[in-house]
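Peer 1: A single structure is presented below for examination.
Rule-based calculations on the coordinates, nothing more; no lab input. Just so you know, these numbers come straight off a predicted model, no measurement behind them. Note that each Cβ is placed from the backbone with ideal geometry, even for glycine, and that neighbours are counted across all protein chains shown.
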Amino acid sequence: MTALRQKMNDDMQLHGFAERTQDSYLRAVRQLAAYFNKPPDQISEEELRQYFLYLKNVKNASRSTITLALCGIKFFYERTLQRQWATLALVRPLREKKLPVVLSVDEVRQILSRVRRWRYRVCLSTIYACGLRLQEGLHLQIGHIDGARQLVHVCHGKGGKDRYVPLPQPVLEMLRQYWGTHRDPVWIFPSSHQTVKGPMDASGLQRAFHAALLDSGIQKPATVHTLRHSYATHLLEAG
């Protein structure tokens, strides 16, 4: 790790950023440096301006991609290098007025029933039934489950916030049965690799969901996160 990258990393830790945010910001600066093939501290403001025009007009990057690039690059130049460039205040990704994809209750059932591996089906069912984000579901630990009150303690969610969410009895029973198959002392959904001590891999879960979606024949661009949107919509519809 270069001294400059280490300094940015230290600055982000002092700022209290989550590990995933740190990784995303470092990646944004690394991609900028790779585009110009030179260290980021040697890039001029005009070159930075051209880079964002490239993202918008040539690469046709999405709003979320440009926003993430802007946040990471802005932190690097303004915080780490102490450069106050007007270009960084000028860049404003257009707001995308897209409605989130929502699955019906029946569509959720169809997809989950087609998830072949039980560990993936249990994890996806928990994510849907509790309205969890992908990483929140993967990082569930034994101590997060309050069976007596039928609650899940979501620790360090988005923005580092904790919250409690209801845990339906059928899902609680499913979690107990699943945990009984591995009895990991920490994780509800541990990694399937014996050499890895940690939670289940996100990419495997995403592939399992995508395969089940294709198998169901449902023509919607759904992802694992769609389960969370669907959960919220179904709660509203149920009153």
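Peer 1: For ARG207 paired with ARG49, estimate the spin-label separation in nm (one decimal), with each label point 7 Å from Cα along the Cα-to-Cβ line.
Peer 2: 4.6
Peer 1: One-quarter of the Cα convex hull surface for the chain, in nm²?
Peer 2: Convex hull of Cα atoms, orientation-averaged projection: 16.1 nm².
Peer 1: Arranged from highest to lowest average of other beta-carbon atoms within 10 Å per residue, in what order do the peptides 194-203, 133-142, 32-41 appear?
Peer 2: 133-142, 32-41, 194-203
Peer 1: Taking only the alpha-carbon atoms of segment 1-134, what semi-axes of the equivalent ellipsoid follow from 5 times the gyration tensor eigenvalues under a square root, in whole Å, largest first?
Peer 2: Calculated on Cα positions only, the semi-axes equal 37, 19, 13 Å.
Peer 1: What size of dipole, in debye to the nearest 20, comes out for the chain about its Cα centre when the only charges are +1 on Lys and Arg C-beta atoms and -1 on Asp and Glu C-beta atoms?
Peer 2: About 320 debye.
Peer 1: For segment 104-151, how big is Rg over Rh, using alpha carbon atoms and the Kirkwood form of Rh?
Peer 2: Using Cα coordinates only, the ratio equals 1.00.
Peer 1: Using Cα positions and a limit of under 18 Å, work out the aspartates and glutamates in reach of LYS59, with same-chain residues fewer than 8 apart set aside.
Peer 2: Counting by Cα, and skipping residues close in sequence, LYS59 has these aspartates and glutamates nearby: GLU47, GLU96.
Peer 1: While we're on this one: Once you sort the root eigenvalues of the Cα gyration tensor of segment 105-238 as a ≥ b ≥ c, which label holds: rounded (a/c under 1.5), prolate (a/b larger than b/c) or oblate (the other case)?
Peer 2: oblate
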